[in-house]
Amino acid sequence: FPVSQEKEKEDMQFAKKYLENFYDFKEEKHSLFKSKDLNHMADKIREMQSFFGLEVTGELNHKTMDMMKQPRCGMPDVRS
Amino acid sequence: YSTFPLRPTWKKEDVTYRILNYTPDMLQADVDEAIARAFQLWSSVTPLRFTRLYSGQADIMISFAAGFHGDFYSFDGPGGTLAHAYPPGGGLGGDAHFDEDENWTKFTTYNGFNLFLVAAHELGHSLGLGHSNVFGSLMYPVYMATDTRYYQLHQDDIDGIQALYGPPRESPVLPTKALPPQEPTEMIPAGAPTQMSPREDPTEMTPSKPPQRPEDCDPHLTFDAITTLRGETLFFKGSYVWRKSPYFSEIEHDTIFSFWPSLIAGFDAAYEVDNKDRVLFFKDNQYWAVSGYRIDSGFPKPIHYLGFPTSVGKIDAAVHDQNTKRTYFFVGNKYWSFNENTQSMERGYPRKIAADFQGVPHPIDAALQKNGYFYFFHGSNQYEVDMKKKKLIRIMKSNSWFNC
């Protein structure tokens, strides 16, 4: 069934936090260019999908969200 | 596998750890065992040796905490992040933190997280390994509910840790049966205690050499069980064994797992029947028989097979008398005598320890026969007894065997 708006927002928030914690994603809080921000995040999603051997799409699809929600170690997967 | 930036490692092979607190989810002994086993995974493939400290600052400090716990990585409640650990270094370096909001378990279940598995992963970080994207490796960042009874490291983990520390040195092996005569001739002839001058101390069998680990000489050191084994003397405590041999001066300190991986640590009692090359270990209401490394088939067996009444749930200590072929089992304030030839308990037992071993307190933690004397260990003291005369000769510190 289609995902509710509220759920989508929650997932996006969860994903941002995940990418911040484990893939060195830094949301540029005051960026004027929303699209740049999204591109940056899509890059990080691609990096995470590649690490876990998922299909690399850059999109927050179901499988990617599932992997993000797995219990795991708190250390980052990649470091700058 | 991956490492941390600048590949931090411990610049020594002897690394210490300390367990600062416990989760209420598990028995403390089970936490100790899970952590010891986790360290054993890494020490078995590197030259590293891990020694537990019970006080002061260790290289790797292990603790359980929930939410914010003083570093920059607060935990997040049940699920999500389970634990984290820091690469080798001072201060927080090497420390491992476990999220107390998780349900920690001794075995792999589906409603909790196996502490041994998570600890083994975090200790990989404590030693300098980063996350690996190899599915099935221990350093894969996502928890995998795995059967841990015969857990082995993935080759990727081994490659990673050996890239940092190299392979293990040759490990010492237990002497085989064909040994030269067991006792150096200057030892005390059996059964003639009066010839011993008070200054001669039979427990100092080898030229004194400073002990390797400070806690060997902790005056409060106690033991769970003690036995001889092919001429050596093994002192057990928790998951560890001190090994004293007449052939080399150093006291070895290993995990029980490294000799008998399938035996549960934390023995209650142990004794050797030397003429059968057999050692028996007791834990709770079960006992195992081993010959060297090999565990005899058909074990564990209930202790009641030996003739104890069902009211006896565990053994405090056991010692075999090589001269009379009797084994004495100590439980609370009583003791039994077991005839190893007929494999049966002797009539007229149990008897009161106080009646036959005056001056020896109970419960007895461990017992040993050596050089014609019996040594009964109670807390941090041991009581040397002449068995023929059932006479208390003297009292010493329990760890006087460690060249302190």
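Can you find even one residue in the range B:161-170 that is within 15 Å of B:Leu48 (Cβ to Cβ), crowded, with 22+ Cβ neighbours inside 10 Å and of a type outside the set (A, V, I, L, M)? No: the range B:161-170 contains no residue that is within 15 Å of B:Leu48 (Cβ to Cβ), crowded, with 22+ Cβ neighbours inside 10 Å and of a type outside the set (A, V, I, L, M).
Scan B:Gly359, B:Gly372, B:Gly379, B:Gly348 and give me the residue that is out of contact with any Gly (no Cβ under 9 Å at 6 or more places or on another chain) and within 27 Å of B:Asn275 (Cα to Cα). Walk me through how you get there before you give the answer.
Numbers: B:Gly359 fails: within 27 Å of B:Asn275 (Cα to Cα); B:Gly372 fails: out of contact with any Gly (no Cβ under 9 Å at 6 or more places or on another chain); B:Gly379 fails: within 27 Å of B:Asn275 (Cα to Cα).
Selected residue: B:Gly348, the only one of B:Gly359, B:Gly372, B:Gly379, B:Gly348 that is out of contact with any Gly (no Cβ under 9 Å at 6 or more places or on another chain) and within 27 Å of B:Asn275 (Cα to Cα).
Got a number for residues in the range B:75-105 being more than 24 Å from B:Ile158 (Cα to Cα) and more than 10 Å from every other protein chain (Cβ to nearest Cβ)? Don't jump to the end; show me each part of the working.
First pass over the range B:75-105, keeping only residues more than 24 Å from B:Ile158 (Cα to Cα): B:75-81, B:90-92, B:99-105.
So of that shortlist, the ones also more than 10 Å from every other protein chain (Cβ to nearest Cβ) come out as B:77, B:90-92, B:100-101, B:103-105.
Number of matching residues: 9.
Going residue by residue through the range B:289-297, is there one that turns out to be surrounded by 14 or more Cβ atoms within 10 Å (Cβ to Cβ) and among the aromatic types (Phe, Trp, Tyr)? No, the range B:289-297 contains no residue that is surrounded by 14 or more Cβ atoms within 10 Å (Cβ to Cβ) and among the aromatic types (Phe, Trp, Tyr). If you filter the range B:228-248 down to residues that are without any contact (Cβ under 8 Å) to a residue 60 or more places away in the chain and not in a strand (DSSP E or B), you find that the one that is nearest to B:Tyr375 (Cα to Cα) is B:Gly231.
Return the only residue of B:Leu41, B:Leu48 being of a type in the set (A, V, I, L, M), away from chain A (no Cβ under 14 Å) and over 21 Å from B:Arg149 (Cβ atoms). So that I can check it myself, show each step before the final result.
Working: B:Leu41 fails: over 21 Å from B:Arg149 (Cβ atoms).
After applying the criteria, what remains is B:Leu48.
Among the residues of the range A:33-80 satisfying the criterion of being away from every other protein chain (no Cβ under 14 Å), surrounded by fewer than 13 Cβ atoms within 10 Å (Cβ to Cβ) and part of a loop (DSSP other than H, G, I, E, B), which is modelled with the lowest pLDDT? Here the residue is A:Phe33.
Scanning the range B:75-91 for residues that are surrounded by 15 or more Cβ atoms within 10 Å (Cβ to Cβ) and not β-branched (Val, Ile, Thr) gives B:Phe75, B:Asp76, B:Gly79, B:Gly80, B:Leu82, B:Ala83, B:His84, B:Ala85, B:Tyr86, B:Pro87, B:Pro88, B:Gly89.
The values are calculated or read from the model by the stated rules, or taken from the named source; none is laboratory data. Here the structure is a predicted model, which means the values were calculated and not measured. Glycine also receives a Cβ, built like all others from the backbone with ideal geometry; neighbour counts cover every protein chain displayed.
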